[in-house]
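The values are calculated or read from the model by the stated rules, or taken from the named source; none is laboratory data. Everything quoted here is computed from the prediction, not taken from an experiment. All Cβ positions, glycine included, derive from the backbone under ideal geometry; neighbour counts span all protein chains shown. Accessible surface is based on the protein model in full, side chains and every heavy atom, while ligands, DNA and RNA are left aside. Shrake-Rupley method; radii C 1.70, N 1.55, O 1.52, S 1.80 Å.
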Amino acid sequence: MGISMKRLYCQIVTVFFMMFSIQTIADEQATGSEMAVGLSGKKPYIHVIHEGRSVKVQRVQDPDYELKGYYAKTARKCPPFCLQPMQVDSSVATIGEVEVFEFMETKLRDNKGLLIDARTPEWYERGTIPGSINIPFTTLSKEGTAENDAALAIFGGKPRGEVGTLSLKLEEMGLLDSDDKTEKWDFSNAKELVLWCNGPECGQSPRAIKGLLKVGYPANKIFYYRGGMQLWQLWGLTTVVPGE
Amino acid sequence: MATQTICFIRMPVIRLRHQISVLLAMCLAAQLIAADEDPYLSAISSEAAKVEATAPELDSDEVNATESATEGPSVHAFEDDLKTRYMGTFTFYKRLPRRAREEIFEEYKDGASIDEIRKKIMDRFLN
């Protein structure tokens, strides 16, 4: 009698769980069906905070839409606008659009990450990816300048001040925690960064990444979105003009 | 004695020569860096002038959609997101009174992090 009661209880729980799963899938499909062109398999759109306001990031819904304007160009003079390798550095991960969406929804929203438009301000002013802040590569590639120090502080780096020789020695020997620390900076609580520029032909974010690695910013906290503005626009994704 | 004097004079001269050569090397390196970066910067700058400050062209329906999109996320989108990512928190959220749910949604719209939102939901639920 006890066993059959247990079995019945188990069956009820299973049925309840199945119904719940079906309902969840149905909910997701209902949301997705409102839009013909979703962001990814799971998301029709996402919201990102840009300059204090919420911006809906979605794709252009017209299946016949074709990219026009500057980012539709297939070639620029090379050098200097040459195709970039897939990886800036073997220690830095290269990511695509879906990973950027994921980053926007998690690290960026939770203030644990920053989306960096590493282009010069004149590019940024003409349009950017929602949620991005403009820290030009010229700032990130000049180690030791006040601008560079300020940027690293924004990223969550802490200047270490005077570090004693003994402490440095103990860190070198592994007796003191030296993870994500350099002689000058403590990057233990530094944010994750996604850096991007104009796309595969752009060398601005690769230069910025190289600058960050040079000052000892942890490579596992740096991500390179190689597609940049060109691929972002190719997929008809929302862009914003700063200040508008 | 004469040899010693010559040595004393030579030492600072050698040191000075060394310092100058280091300085020259630094200047040369700085010049090389500047020469490398300046043409690149000017090329970037002239290329930027070709970019029109517009988002991709949208038809009128899409423009309307984009305009309304800037008003912020809908409650539906917020709840969907919460349900997908934090089912447990969503269960507690659904049990909150309407006013508390509205308050939490307003904070989400203003850019509160999901950690803060989750904490707030639990605070409201427990108190």
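Some values worked out for this structure:
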read-out	value
Förster radius 41 Å - calculated FRET efficiency between B:GLU52 and A:SER90, Cβ distance, rounded to 0.05	0.65
Within 10 Å of each Cβ in A:57-65, the average number of Cβ atoms from other chains	3
Average beta-carbon neighbours from other chains, 10 Å sphere, peptide A:50-56	5
Helix-only [θ]222 nm of chain A, DSSP H runs n ≥ 4, -39500 (n - 2.57) each, per residue, nearest 500	-10000 deg cm²/dmol
Distance (nanometres) between label positions extended 7 Å along Cα→Cβ at B:GLU103 and A:CYS78	5.8
Radius ratio Rg over Rh of segment B:72-126, counting only Cα atoms, Kirkwood formula for Rh	0.90
FRET efficiency estimate (nearest 0.05) - Cβ-Cβ, B:ALA43 to A:ASN220, R0 25 angstrom	0.15
Contour minus Cα-Cα distance for A:SER188 and A:GLU122 (0.36 nm per residue)	20.5 nm
Summed buried accessible surface, chains A and B, 1.4 Å probe, nearest 100 Å²	3700
Measure of compaction for segment A:68-206 (Cα Rg per 2.2 N^0.38 Å)	1.23
Helix A:204-214 vs. chain A, principal-axis angle (Cα, 0 to 90°, nearest 10)	70
Tensor-based shape of chain A (alpha-carbon gyration tensor, a/c under 1.5 rounded, otherwise prolate or oblate)	oblate
Pairwise FRET efficiency - A:ALA153 versus B:ASP123, Cβ, R0 = 41 Å, nearest 0.05	0.85
Per-residue SASA entry for A:LYS191, accessible area with 1.4 Å probe, Å² rounded to 10	40
Cα long-axis angle, helix A:2-33 against chain A (0 to 90 degrees, to the nearest 10)	60
Members of A:LYS142/A:LYS169; A:LYS43/B:LYS83; A:LYS56/B:LYS94 lying beyond 20 Å, as alpha-carbon distances in this model show	A:LYS142/A:LYS169; A:LYS56/B:LYS94
Average partner coverage of A:119-127, which counts Cβ from other chains inside 10 Å	4
